[in-house]
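Okay, structure first, notes after.
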Amino acid sequence: MYDPLLTEIANYVVDTPITSAEAYTTARYVLMDALGCGILALSFPECTKLLGPLVPGATLPGGARVPGTSFELDPVQAAFNIGAMNRWLDYNDTFLAAEWGHPSDNLAAILATADYLSRQRTRRGKPGIDMKTVLTAMIKAHEIQGVLALENSLNRVGLDHVLFVKVASTAVATALLGGSREEVERALSNAFIDNGSLRTYRHAPNTGSRKSWAAGDAASRAVRLALMAIKGEMGYPSALSAPVWGFEDVVMHGKKLTLQRPLGSYVMENVLFKVSYPAEFHAQTAAECAIALHEQVKDRLDEIDRITIYTQESAVRIIDKTGPLHNPADRDHCIQYVVAIGLLFGDLTADHYEDDVAANPRIDWLREKMTVVEDEQYSRDYLDPDKRSIANAIQIHFRDGSQTEKVEQHYPLGHRFRRAEAMPKLEQKFLANLETHFASKQVEQIVRIVQDEERLMETDVEDFMDLFVV
């Protein structure tokens, strides 16, 4: 008998139908947004240098495709490629809880596995896999990663959230490959035994670009474990609970992993979209507040005495940074940098993290005037399952004793409470991202099918991925 948590996840992946229309509609937007973020990342050489086969020439004709490229790869390497692209700019969806993360990171394993499998099936004269199957896998991967994140904090023990990406992707990839409940359990046990990477590449003094390919690394490992399970590789029933040597004793210091709620479609329905700004999500509302203040302060910058940022405990812990910021990965995880850019330019784009912009002396001059303060109510509302707010507020004081109003935003654009406002802008973001890479006719073909939910779900995965080949 496997640990109950492993069995519960396996039962959910193999047997539980998804009936929520809202979840499928949201999954379509997640698909659109994550792929758009990946296409935009192809404009950045630091990303593209990592793409393609690991060893030059090790391609797989008839294998899984990498959107926006001509690569055909084995599904393990394709998952790495797709994951690195989609996460590179820190612009895809987010789910925040005791452990924060980006559930659309699982799309890398799902698309790579589904495209490879669908192409293999059609070459044998069998029906391919439709995109509804992909959307269903996305909903389930979101749910596994997100519900694990509700009460199980990896960051408290120094591990990165991509371990939960690996776990969720392993489960759904094994199921996509036709795995039984026991094969899913076997694969999951190995995913936990793998453990996870340290978070040090997300924090000073080691912040670096690994945070942009860590999810692709987790997704590729998940596909490998899924393929091994399908071949009959054994599992480890007490991988979590074994005394002394199990995950719970070794990693969680004896704390049991729990699922706070039954697995369904809650996470997909409550996922957060980064609609406007490519910044760590705890700083999204801070960016909105800073940009709202831009007109008031742009001509009074030299008069500023101090800037107070009110935020939640999680933001204080992970993106409150003073001192030098060494690269774009460092800057997009600094709430002070995000606020400074918003105040100075009235906008925030991926280009604002590059070295030429960061060399502007006014940015660090403004950062030195900032104080970050935890608002305990913000911290409570952040963890409230009925709110899931990500609040920030900014107030600026001038040397003459005057001050701006305290500009406050509880829910960022892209939160479930602001869905109606966000969706048209999310579609605009998708279109703009596609236009950075594809010709207009190809953009039109992609947009037409993604906007038609019924048609999209009936489309074969192979035909869908054809749309993104260059």
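Any read-out appearing in this document is the output of simple, stated calculations on the displayed coordinates, not a laboratory observation. Since the model is a prediction, treat every value here as computed from it, not as a measurement. Ideal geometry is used to build each Cβ from the backbone, glycine not excepted, and the neighbour counts take in all protein chains shown.
HN-Hα J couplings of the stretch 215-231 from phi, Karplus 6.51/-1.76/1.60, θ = phi - 60°, integer Hz, Gly and Pro as x?
So the J values, rounded to whole Hz, are 5, x, 4, 5, 5, 5, 5, 4, 5, 4, 5, 5, 4, 5, 5, 5, 7.
Å³ per residue of the Cα convex hull, for the stretch 410-462?
On the way: hull volume 5.6 nm³, N = 53.
Once divided by residue count, the hull of the stretch 410-462 is 107 Å³.
Please identify the longest segment of the chain free of exposed trypsin sites (Lys or Arg not before Pro), where exposed means a DSSP state other than H, G, I, E or B and no more than 10 other Cβ atoms within 10 Å. Mind showing how you got there, number by number?
Values: sites that count: K49, R124, K231.
For trypsin sites (Lys or Arg not before Pro) (loop position, at most 10 other Cβ atoms within 10 Å), the longest site-free span of the chain is 232-470.
Among the listed pairs K49/K387; K211/K387; K387/K425; K255/K425; K369/K429, give every one whose C-alpha distance is greater than 31 Å.
Details: K49/K387 41 Å; K211/K387 28 Å; K387/K425 23 Å; K255/K425 42 Å; K369/K429 33 Å.
Beyond 31 Å between Cα atoms: K49/K387; K255/K425; K369/K429.
Placing unit charges on C-beta atoms (Lys and Arg positive, Asp and Glu negative, everything else neutral), compute the dipole magnitude of the chain about its Cα centre in debye, rounded to 20. Present the calculation step by step, with values, prior to reporting the outcome.
Working: 48 positive and 65 negative charges, 184 e Å.
It comes to approximately 880 debye.
Find, among the GluC sites (Glu not before Pro) in the stretch 351-455, those assigned to loop by DSSP (not H, G, I, E, B) with at most 13 other beta-carbon atoms within 10 angstrom. Before the final figure, lay out each step's value.
Details: sites: E354, E368, E374, E376, E405, E408, E421, E427, E435, E444, E453, E454; in loops: E354, E368, E405.
Filter output for the stretch 351-455: E368, E405.
Considering the chain, what Rg and Dmax in Å follow from its alpha-carbon atoms?
That works out to 22.0, 78 Å for Rg and Dmax.
Based only on the alpha carbon positions, what is the Kirkwood hydrodynamic radius of the stretch 106-207, in angstrom? Please report the intermediate quantities before stating the final value.
Numbers: mean 1/r = 0.0674 Å⁻¹.
Kirkwood hydrodynamic radius for the stretch 106-207: 14.8 Å.
Working from Cα positions, state the angle (0 to 90°, nearest 10) between the long axis of helix 107-123 and the longest principal axis of the chain.
Compared with the principal axis, the helix lies near 30 degrees.
How much net charge surrounds F417 when only the other residues with a Cβ under 10 Å from the Cβ of F417 are counted, with Lys and Arg +1 and Asp and Glu -1?
Details: positive: K387, R388, R416, R418, R419; negative: E421.
Here the count lands on +4.
On C-alpha positions alone, give me the angle between the axis of helix 419-435 and the longest principal axis of the chain, in degrees, nearest 10.
Between helix and principal axis, roughly 80 degrees.
Which net charge results when you count Lys and Arg as +1 and Asp and Glu as -1 among the other residues whose beta-carbon is under 13 Å from that of R156? Provide the component values of the computation, followed by the final result.
Details: positive: R199, K255, R317; negative: E99, E151, D160, E313.
So the surrounding residues net to -1.
Measure nothing but the geometry: give the 0 to 90° angle between the long axis through the Cα atoms of 21-41 and the longest principal axis through the Cα atoms of the chain, rounded to 10°.
70
So what are the radius of gyration and Dmax for the Cα set of the stretch 267-405, in Å?
Final numbers for Rg and Dmax: 14.7, 49 Å.
Separation of the stretch 334-355 and the stretch 10-88 by C-alpha centroid, Å?
Cα centroid to Cα centroid, the span is 28 Å.
Quick one: if you stick a label point 7 Å off each Cα along the C-beta vector at D463 and S180, how many nm between them?
3.4
Determine Rg/Rh for the stretch 1-120; Rg is computed over alpha-carbon atoms and Rh is the Kirkwood hydrodynamic estimate from the same atoms.
On the way: Rg = 16.1 Å, Rh = 15.8 Å.
Using only Cα positions, Rg/Rh for the stretch 1-120 is 1.02.
Residues in the stretch 187-216 near a label at W245, defined as backbone nitrogen under 20 Å from the 7 Å Cα→Cβ point?
Residues 187-196 qualify, since their backbone N sits under 20 Å from the label point.
Give me the extension gain from T436 to A359: residue separation times 0.36 nm, minus the current Cα-Cα distance, reported in nm with one decimal. Don't jump to the answer; show the numbers that get you there.
Details: separation 77, 0.36 × 77 = 27.72 nm, distance 2.57 nm.
Stretched fully, the T436-A359 segment lengthens by 25.2 nm.
Given all pairs of different Cα atoms, what value in angstroms does the Kirkwood hydrodynamic radius of the stretch 251-314 take? Write out the running numbers ahead of the final one.
Working: mean 1/r = 0.0622 Å⁻¹.
About 16.1 Å, per the Kirkwood formula over Cα pairs.
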